[in-house]
Amino acid sequence: MEQGRLDSQTVLHGVFGDPIKHSKSPIMHNRAFRELGLNAAYVAFHVGPGKLKAAVEGIRALQFRGVNVTIPHKVEVMEYLDEIDEHARVIGAVNTIVNDNGHLKGYNTDGIGYVRSLQEEAGFRVSGKRVLMLGAGGAARGVAYALAREGASAMWIANRTVDKAEQLASTVSGMTSSSGIGYEQIADIRGEVDLIVHNTSVGMHPNVDEVLIDTSWFHEGLTVSDLVYNPLETRLLREAKARGARTHGGLGMFIYQGAYAFEYWTGLPAPVAAMRETVEAALHASS
Ligand code: ATR
C-alpha cells in the first residue's frame, strides 16, 4: 500500500468526544499506523449530547475496528457495549472500544497508561509508596485503581466534593489502605506522602496561572505528577521543581493510554517514540 493513501480496504478507527477539535489522538494514531505501514486511519468525531448511542451503533454498522471515547462519554458508553473488561468495570469508565466482528468490548487504558509513564519517565516505582491523589473524577478513578493494583501502600484521596473522594477510597480499599479527605486535611498527612498526583483540570490551558493546593511544603524526595499536559509544565510542576521535588507531566499518560489502545486494536507493539514525537511537535506548534 502507498503510505497514507486511503482506499476501500482501509481499517477505520476514531475518537468520540465533545468537545473534540483539540484532540491530539488522530495525529498520534495516524502516525503510528504510518510508522508500521498499516492500511488504517483514525478520525475525530464530535458526538454531541444524546448522540452517543447512535454513534456506538455506527461502530457496528460501519465496522470500525476501534474507537476511543473521551469526555464526557466515558461512563455512559458502558451501557451500549456487549462486554466490559473487569478493570474498566471497577474503574467505572471506558476509554477504548475494540470491535471483534460486531462484538464491542470496552477497556480502560488511562490508569495503566499512567503507571507505565510514571515508571518510564520519572523512574518511580509504585510498590510500597504512599500516594496523595488530588481530585476524584473519571481520570482519578483510573489512576487510583492502577496505582493501588501496582502496590501503593497507602492512598489519601482529596477532593472538593468529599463524598466522591470517599467513594473512590472505598473502590480501592481492598487493594490499599485508603481514605477520602477534603483539601484542608492535607496539612495533617503531608509528612507521610511520597507521590502527589493532580487529577483535576485546574491549571490547564488557558487557566495556566491556577494551582489547586498550597505548594509551600513540597520538598526534595517528593514526586509530583500532573495529569494536565497542556501546558507541558503546569504551575503546580513549576513550583514543585523550585522546591526540589521530582516532577512528572501528563503527556506520557496520554501517549501510553493511546499505545495500549493501539495494541488492543492491532495486536502489534505501538511505536511509542514516534507517537510522542508527533504529539510534542503539535503541542509546540500550537503554543
Ligand atoms: P475527569 O474525567 O477529567 O476526571 P470529572 O470526572 O468531571 O473529569 O472530574 C473532575 C475533577 O476535577 C473532580 O475531582 C472535580 O472536583 P469535584 O468532584 O469536587 O467537582 C475536580 N475539579 C474540577 N474543577 C475544580 C476546581 N475549580 N476546584 C477543585 N476541583 C475541581
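The values are calculated or read from the model by the stated rules, or taken from the named source; none is laboratory data. Being a predicted model, the structure only gives us computed values, none of them experimental. Here the Cβ is made from the backbone with ideal geometry for all residues, glycine too, and neighbour counts use every protein chain on show. Surface accessibility is based on the protein's heavy atoms, side chains included, excluding ligands, DNA and RNA. Shrake-Rupley method; radii C 1.70, N 1.55, O 1.52, S 1.80 Å.
The share of Cα pairs per 5 Å bin across the stretch 201-253, counted from zero up to the longest distance, runs 5, 24, 32, 24, 13, 2, 0 percent. Take the alpha carbon atoms of the chain, find their radius of gyration, then divide it by 2.2 N^0.38 Å using N residues; give the quotient. Ratio of Cα Rg to 2.2 N^0.38 Å: 1.01. Applied to the stretch 102-115, the Karplus parametrisation 6.51 cos²θ - 1.76 cosθ + 1.60 on θ = phi - 60° returns per-residue 3J(HN,Hα) values of x, 8, 9, 10, x, 10, 10, 9, 5, x, 5, x, 5, 5 Hz, with x for Gly and Pro. What do you get for the angle between helix 52-62 and the principal long axis of the chain? Use alpha-carbon atoms, 0 to 90 degrees, nearest ten. The angle comes out at about 40 degrees.
Kindly identify the stretch 23-127 as rounded, prolate or oblate by the Cα gyration tensor criterion: order the square roots of the eigenvalues as a ≥ b ≥ c, call it rounded if a/c is under 1.5, otherwise compare a/b with b/c, prolate if a/b is larger, else oblate. Judged from the Cα gyration tensor, the stretch 23-127 comes out oblate (a/c at least 1.5, b/c at or above a/b).
Using 25 Å as the Cα-Cα cut-off, could you pick out the over-long pairs in LYS51/LYS105; LYS24/LYS241; LYS24/LYS74; LYS53/LYS105; LYS24/LYS129? The pairs that break the limit, which is 25 Å between Cα atoms, are LYS24/LYS241; LYS24/LYS129. Of the peptides 24-36, 274-286, the ranking by mean beta-carbon count within 10 Å, highest at the top, reads 24-36, 274-286. Between helix 138-149 and the chain there is an angle of about 70 degrees, using the helix long axis and the longest principal axis of the Cα atoms. Here the accessible area is traced with a 1.4 Å probe on the protein chains. For the stretch 1-80, carbon and sulfur cover 56 percent of it. For the stretch 111-249, give the percent of accessible area contributed by carbon and sulfur heavy atoms, probe 1.4 Å, rounded to a whole number. About 43 percent, which is the carbon plus sulfur part of the accessible surface. Summed over qualifying helices (DSSP H, 4 residues or more, each -39500 (n - 2.57)) and divided by its residue number, the chain shows a 222 nm mean residue ellipticity of -11000 deg cm²/dmol. Counting only Cβ charges, +1 for Lys and Arg and -1 for Asp and Glu, the dipole size of the stretch 111-249 around its Cα centre is about 300 debye.
Average accessible surface for the chain: 46 Å² per residue, computed with a 1.4 Å probe over protein heavy atoms with every protein chain in place.
Label separation (GLU220 vs GLU192): 2.6 nm, computed from points 7 Å beyond Cα along the C-beta direction.
Both radii come from the Cα set of the stretch 111-249: Rg as radius of gyration, Rh as Kirkwood radius; their ratio Rg/Rh reads 0.92. For the stretch 171-215, the equivalent ellipsoid built from the Cα gyration tensor has semi-axes of 24, 14, 9 Å, listed from largest to smallest.
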